[in-house]
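Asker: Here's a structure for you.
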Amino acid sequence: MRSYSYMHTGKKIDRDAHVICRYRVTTDLPIEKAAEALAAEQSTGTWTGISTLDEKIFRSYGAKVIDITGDMVTIAFPEEDFSIEVGGIPQILSVIAGNLFGLEALHGVRLEDVDFPSGIMKKYKGPKFGADGLRKILDRPEKPLVGTIVKPKIGLSPKDTAKYVYEAGSGGLTNSKDDETLVDQAFCPIEDRTKAVAESLDRLEEEGHKMIHAVNISTNGEKIVQLGEDAQSWGAKQIMVDVITCGFAAVQALAEDPSIKVPIHVHRTMHGAFTKDPLHGISMLPITKIVRMCGGDALHVGTLGAGKMAGGEKDDRSNLDACLSESMHRTVMPVCSGGIYPGVIGKMIEASGFNVQIQAGGGVAGHPGGVRKGAMGMCQAVDAAFEGINVVKYAESHPELREALDLWGLK
Ligand code: CAP
Ligand code: MG
């Protein structure tokens, strides 16, 4: 029976010929044993030595443990282990984020980060628009984009959705979007909604304001590209995909389809199931890197500790950096959303910088003066931060912001 050590033998690894993954491992085993088990399970080994494995196979395709620091294990997977043309992201994930999570011997494993070699990166086209493309469409070169999520999440008719969007745009917002649970329910059919919202956006443009709205086209794999094309033909200026529920392949199919000519907003609903536990699951960082490869133009990255969702400044900052870092692919617009309101914007921008899309649902629709004033309050808070003016001072001459601060306070 053959078994080989998955620990690195000391030979230098060519990092650009491997997919390099960092895992946080919690185990009662000696960490080296746990790391070996992980590398074996995900490449050429299994729980026992096997007669069919020889040294050549192991040397060519076996994953190697290249570093162990504390509970952090770094594993290098040879590029040849991946089947990019046919297997794509689903196959990559089966290798780097597959069976290992279920190994009984490990109490917890968390995929913290991944780096792909240029040979794999080149096979992906990345965003068609990205952060710069969105800014160009909106004619907004420097200031943060400011958006809303139409609230309530579900229940409004197409007409009321369009009215919400018009009011939000009149208040100065650059972006709006459907919520992740709305697609084509009977109370708000996607065709009627998209057409009605397009009319609002056209009206805003005639009045001199540019705004886009992301229509949620999340659906079954065999339908999604067609639905994207349909949404476009009904007047959608942006489409939205729930990437965890639809799959990365859905984003890639849309981004690479030549007939899809609008940017893709990527929502990450359900990510908390595997990102929230600090000792088990997958951190958002690999998700961000993969969405960028697949061609998402804007992606939720968290609120850097400012909002209602778990995440925190450090982790969200690395997601944001992964959207904007130097790469062979265009940058992705980082979307900061979830429990945002005017009083947190200054603090959030301090951590995020200006190259972000800030979004608020409750923080717009919950304003006592209604959606338009809610939008104004958000824009004023962003303007104050952008101009470096104290927000309380700014609110003295901006009553919509004043009202928002009075209601929700200042962080
Ligand atoms: C925000 C939101 C988003 C969250 C998701 C919501 O609304 O529309 O889905 O931002 O967060 O429904 O909660 P509010 P994340 O502004 O009303 O909170 O990207 O962190 O998963
Ligand atoms: Mg939502």
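Asker: For the chain, calculate the relative contact order in percent as a whole number, restricting contacts to Cα pairs under 8 Å that are 6 or more residues apart.
Answerer: 15
Asker: Still on this structure, please answer the following. Starting from the Cα gyration tensor of segment 341-411, take the square roots of the eigenvalues, sort them a ≥ b ≥ c, and report rounded, prolate or oblate (rounded when a/c is under 1.5, otherwise prolate if a/b is larger than b/c, else oblate).
Answerer: Judged from the Cα gyration tensor, segment 341-411 comes out oblate (a/c at least 1.5, b/c at or above a/b).
Asker: Provide the per residue accessible area, probe 1.4 Å, for segment 15-121, rounded to a whole number of square angstrom.
Answerer: On a per-residue basis, 45 Å².
Asker: Is the C-alpha gyration tensor of segment 15-121 telling us rounded, prolate or oblate? Criteria: a/c under 1.5 is rounded; beyond that, a/b larger than b/c is prolate, otherwise oblate.
Answerer: oblate
Asker: Mind checking which lysines have their C-alpha under 17 Å from LYS56, skipping anything on the same chain fewer than 8 residues away?
Answerer: In chain and number order, the partners are LYS11, LYS64.
Asker: What does the C-alpha gyration tensor say about the overall shape of the chain? Classify as rounded when a/c is under 1.5, otherwise prolate if a/b is larger than b/c, or oblate.
Answerer: Prolate shape, in that a/c is at least 1.5 and a/b is the bigger ratio.
Asker: Highest first, please rank the peptides 318-330, 33-45, 213-225 by the mean number of other Cβ atoms sitting within 10 Å of their residues.
Answerer: Listed from highest to lowest mean packing, they are 33-45, 213-225, 318-330.
Asker: Which value, in debye to the nearest 20, gives the size of the charge dipole of segment 15-121 about its Cα centre, when Lys and Arg are +1 and Asp and Glu are -1 at the Cβ?
Answerer: 60
Asker: Of the listed pairs LYS12/LYS289; LYS136/LYS163; LYS143/LYS373; LYS12/LYS125; LYS163/LYS195; LYS136/LYS177, which have alpha-carbon separations greater than 23 Å here?
Answerer: Among LYS12/LYS289; LYS136/LYS163; LYS143/LYS373; LYS12/LYS125; LYS163/LYS195; LYS136/LYS177, the Cα-Cα distance tops 23 Å for LYS12/LYS289; LYS136/LYS163; LYS12/LYS125.
Asker: Could you list which residues have their amide H under 5 Å from that of HIS213, counting only those 5 or more apart in sequence or on another chain, with H placed in the peptide plane?
Answerer: Close amide H contacts, sequence-distant or interchain: SER176, LYS237, GLN238.
Asker: Another question, then. Counting only helical runs of four or more DSSP H residues, what would the 222 nm mean residue ellipticity of the chain come to if each run contributes -39,500 (n - 2.57) and the total is spread over all its residues? Write out the running numbers ahead of the final one.
Answerer: Numbers: 18 runs with 168 residues, N = 411.
It lands at -11500 deg cm²/dmol.
Asker: Using a 1.4 Å probe and counting only protein heavy atoms, arrange THR303, THR181 so the residue with the most accessible area comes first.
Answerer: These residues rank, largest area first, as THR181, THR303.
Asker: Oh, and also: At 1.4 Å probe size, what's the solvent-accessible area of ASP14? Round to the nearest 10 Å².
Answerer: 90
Asker: Still on this structure, I have one more. What's the carbon and sulfur percent of segment 317-383's accessible surface, probe 1.4 angstrom, rounded to a whole number?
Answerer: The value for segment 317-383 is 49 percent carbon and sulfur by accessible area.
The values are calculated or read from the model by the stated rules, or taken from the named source; none is laboratory data. Model, not experiment: these values are computed from the prediction. In this analysis, Cβ positions are derived from the backbone assuming ideal geometry, glycine residues included, and neighbour counts consider all displayed protein chains. What goes into the accessible areas is simple: the full protein's heavy atoms, side chains included, and nothing from ligands, DNA or RNA. Shrake-Rupley method; radii C 1.70, N 1.55, O 1.52, S 1.80 Å.
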